[in-house]
1. If packing is taken as the mean number of other Cβ atoms within 10 Å per residue, what is the order of 166-173, 88-95, highest first?
2. Apply 1/(1 + (r/R0)^6) to the Cβ-Cβ distance of Thr67 and Gln148, taking R0 = 30 Å, and write down the FRET efficiency to the nearest 0.05.
3. Pop the C-beta distance of Asp210 and Arg115 into the FRET formula with R0 = 25 Å and round what comes out to the nearest 0.05.
4. To the nearest Å, what is the center-to-center distance of segment 168-189 and segment 101-167, using C-alpha atoms only?
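Please treat every number below as a calculation from the coordinates, not as lab data. Keep in mind it's a predicted model, so treat the numbers as computed, not measured. Here Cβ is always computed from backbone atoms with ideal geometry, including for glycine, and neighbour counts include all displayed protein chains.
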Amino acid sequence: MRTAKFWVGAVVAGAVALGFGCSDDDEPNFGSVPGMPDLEDNPDAGTDAGTTDAGTTIEVGTILSLTDAQIARVLQVANEGEVMLGQYAAPLATDPDIRAFNEQMVAEHTAVKERLDALLATEGIVPEDNPVSLQLQKEVQQLMDVLQGPNAPTGAALDLALISAQLNAHARTAFIGDSVLTAQTDNPQLAQELLTERTEVQEHIEEARDLQSRLVTPPTTP
């Protein structure tokens, strides 16, 4: 079975680096989304290891050998996380485009999850939790905790935080797919599904990045 290194620190740190925040005078600036896990809020984010809810520690450079059943669970969790973020964000967004994007994420990732589940049933693959899927669940919960926490932004800053959270989550999924899952998938149909989902995730990343850029740098009036 093929194996791959899982750089958990890079996943968390890379996601945070993609976030943007707002200063005290409401002028957008580069930084992390207010209150989003960073080196202070989440000590594991910049260290050599991450700990899952199940108590499993994934050290940087650890060789993880994932079965197709475990890879399938990672894909399930990734899609479930996007649906959860979209369901939370859509009703709160004040920007119509941010609301529409999150509604789109709910619809599209729900459809992907249903397609994936049908494939797994056909192929007889029973999803199995593993350190990567548990880590993904933990990271999505961290994002949700921040967005629902007492220091969560409001108004335009909230729209920025919501789209940044989506961009973070999609970037994390793309990274794990490229660095861990693709190299280890044995089932041809699951491998094709992984490629299809990777293409769709990239499209979502580009859409989210464009929306985020518009909020960070609004168009100037001639």
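1. Ranked from most to least packed, the peptides come out as 166-173, 88-95.
2. That pair, Thr67 with Gln148, gives E of 0.30.
3. Numbers: r = 26 Å, r/R0 = 1.03.
My answer for the efficiency is 0.45.
4. When both Cα centres are located, 15 Å separates them.
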